[in-house]
Amino acid sequence: MASESTSTPGTGERWKAHYPPYDPSDPKGFSYETVVRRWPIIITGVIDRIHRLNHEATMASRSDQSGSATNDVEVNERIEEGKGIIGKASKLKYDMARDRPMEKIENDGGLNVDIFNAELDELVKEGKGSWFKAPWLFAECYLYRLMRTWFAPTKHWNNFDPFFAQKEDSFRGSAAAVYQLASMMQELESEKEALIKEPARLEVLWDEMIQMCLWGNATDLSLLTNLTHEDIEKLQTVEKETRDARKEFILCDDSDAAWEALKSGSDRVDFILDNAGFEFFTDLVFADFLVTYTPYISRVVFHPKTIPWFVSDVNPPDLDSLLRALSSPSSFFSTPPSPFQASAVSALVSRWKRYFEEGSFSFSVPRETGYGEKSGADFWTDPRAYWNLHLDDPEGLKSLEGCAVVVFKGDLNFRKLTGDVKWPCSTPFAEALGPLRGRIPILSLRTNKADVIVNVSEDVARDVERKDEKWRVNGKYALILFCAKDGV
Ligand code: F6P
Ligand code: MG
């Protein structure tokens, strides 16, 4: 028996798996390494960023000859607020290292405060309300929501994403892969008519597009402490031969079943997005393929996060940044494009802008949504598994029901789909979805960056463990999993 239902007044029957969640209690687990090593590095990054901006503001105001008193007051206020944020971040590092209790999320007027605090209350009752005892999934989501409370009440940092510069820098270094994919899309253009008439060739392309989009997930910034720049460049290589060679790292591949679902009759695909920059670029290329080259899909909706989340996840402003970058690649990217590449990038970005204007592409929330503002996207930044989506966000679920496929990108989405519990690795994906199973057509594209694994036979798991003991967490192995909607 792998599951149970519990009833919470007012919320209906909640389901949860019987297996325990991953948590940092095992010093050999990735969760332990995350609390001990990776989170402190991420928090230090935030401190450094604000420190640097404060320093720049001080220098700029010293050299400002205008003598404007108003400006001085504003600058000083901003610097003082910055120092306050640094103080909170430093305290968190200290508390975390000492396994201090996690404090309630202060009501900053933003999203999901009650949900985080109610979950925390439950953990406290179980004696698990501290950094080394809480389930990893909860603690990591809580961390990013807590960070938001440092910025939300300020006047000058309210709409500040402490990870924005990192996202931009990383995308800047992705020039080679961006140019390659843009050129590939340009070449496809000449074959458009033929492709539409030959579904078999389209299916081959579908496989390639899925893989391209999957490996786009290998490069999230919260994992940068594990991967070198060279590793990332290798993972971003998009040539066909490299992709073919990487197939052996895909431990389960349900692309064929997802292709059948794509042809089911609905003309809409949704993406529950993961990381900004290169990964988001690959999502847009994939979406472009679906709309421009297949006769099945005419509308793609992208779901971003509305607070800075797991370092590199897409926030609404990241779309404009990406389109801006692609509109002037010579000045944005670290390497300028060749004339052919420049025209390919330009064709791509013009089409995407048009798609956003015409509604073939859209965001699930207004693009000007401010950080932390309540919106239809709150569910994606709450700490709970997706198992009980029908109770937790029935409207959101309803909006996904009409999709041919809902693409859940990345590792965190996979952890939430499966609840981040210790499933035996051979558990069928459908089972790990709990009551979400069959309600919407789910395509999960995930490179493995956390311990939870499902849908992989014991034999395969043993074999891969022998080859690479870090296969669950180092981002080099992947899963393409699909679970159809009931009755389709
Ligand atoms: O451990 C790597 C990690 O930070 C996990 O905690 C998390 O699940 C994941 O990265 C985020 O990855 P992704 O961007 O693929 O969701
Ligand atoms: Mg991410």
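Packing-based ranking of 463-470, 287-294, 18-25, 415-422 yields 415-422, 287-294, 18-25, 463-470, ordered from highest to lowest mean Cβ neighbour count within 10 Å. Taken along the Cα-to-beta-carbon direction at a fixed 7 Å, the label points for ILE41 and ARG100 span 2.4 nm. Here the Karplus relation 6.51 cos²θ - 1.76 cosθ + 1.60, evaluated at θ = phi - 60°, turns the backbone of region 314-324 into coupling constants of 5, 10, x, x, 5, 5, 4, 4, 5, 5, 5 Hz, with x for every Gly and Pro. Taking label points 7 Å from Cα along the Cα-to-Cβ direction, THR58 and ALA165 give a separation of 1.5 nm. Peptides 90-100, 362-372, 268-278 ranked from most to least packed give 268-278, 362-372, 90-100, packing being the mean of other C-beta atoms within 10 angstrom over each peptide's residues. Our estimate of slack between ASN117 and ASP463, defined as 0.36 nm per intervening residue step minus the Cα-Cα distance, is 120.4 nm.
Under 5 Å from the amide H of PHE271 lie the amide H atoms of VAL301, PHE302, HIS303, VAL407, each residue being 5 or more positions distant or on a separate chain, with H modelled from the backbone and absent for Pro and chain starts. Projecting the Cα atoms of TRP380, ILE297, ASN54 onto the dipole axis of the chain, where Lys and Arg carry +1 and Asp and Glu carry -1 at the beta carbon, places ASN54 farthest toward the positive end. For ASP313, the amide hydrogen comes within under 5 Å of the amide hydrogens of ALA276, counting only partners 5 or more places away or on other chains and with H modelled in the peptide plane. Apply the a/c threshold of 1.5 to the C-alpha gyration tensor of region 78-184 and tell me whether it is rounded, prolate or oblate. It is prolate, given that a/c is not under 1.5 and a/b is the larger ratio. Per-peptide packing, taken as the mean over residues of other Cβ atoms within 10 Å, places 185-197, 318-330 in the sequence 318-330, 185-197 from highest down. Counted over region 342-401 with a bin width of 10 Å, the fraction of Cα pairs per bin, in whole percents, is 18, 34, 28, 17, 3. Spin-label model, ASP72/ASP486: points 7 Å from Cα along the beta carbon direction are separated by 7.0 nm.
Cα-based values for the chain, radius of gyration first and Dmax second, are 22.6, 73 Å. Between region 250-284 and region 126-149, the alpha-carbon centres lie 30 Å apart. Averaged per residue, region 164-483 has 35 square angstrom of accessible surface, using a 1.4 angstrom probe with ligands and nucleic acids left out. Computed from point charges on the beta carbon alone (+1 for Lys and Arg, -1 for Asp and Glu), the dipole magnitude for region 164-483 about its Cα centre is near 280 Debye.
Here the calculated FRET efficiency for LYS398 and ARG201, from their Cβ-Cβ distance with R0 = 41 Å, stands at 0.70, rounded to the nearest 0.05. When DSSP beta bridges are restricted to pairs lying wholly in region 164-483, around 25% turn out antiparallel. With contacts taken as Cα pairs under 8 Å and at least 6 residues apart, the chain reaches a relative contact order of 19 percent. For region 474-479, backbone phi angles converted through the Karplus equation (6.51, -1.76, 1.60; θ = phi - 60°) give residue-by-residue couplings of 8, x, 8, 10, 8, 9 Hz, Gly and Pro being listed as x.
Coupling constants for region 377-383 follow from the phi torsions by the Karplus curve (6.51 cos²θ - 1.76 cosθ + 1.60, θ = phi - 60°), and in residue order they are 9, 4, 4, 6, 10, 9, x Hz; glycine and proline get x.
Evaluate E = 1/(1 + (r/R0)^6) for LEU188 and SER327, where r is the Cβ-Cβ distance and R0 equals 25 Å; express this FRET efficiency to the nearest 0.05. Computed FRET efficiency for LEU188 and SER327: 0.75.
The values are calculated or read from the model by the stated rules, or taken from the named source; none is laboratory data. It should be emphasised that the depicted structure is a prediction, and the values quoted were computed from it without experimental measurement. Cβ sites come from the backbone with ideal geometry, for glycine too, and all protein chains shown count toward neighbours. Note: accessible area is taken over every heavy atom of the protein model, side chains too, but ligands, DNA and RNA are not part of it. Shrake-Rupley method; radii C 1.70, N 1.55, O 1.52, S 1.80 Å.
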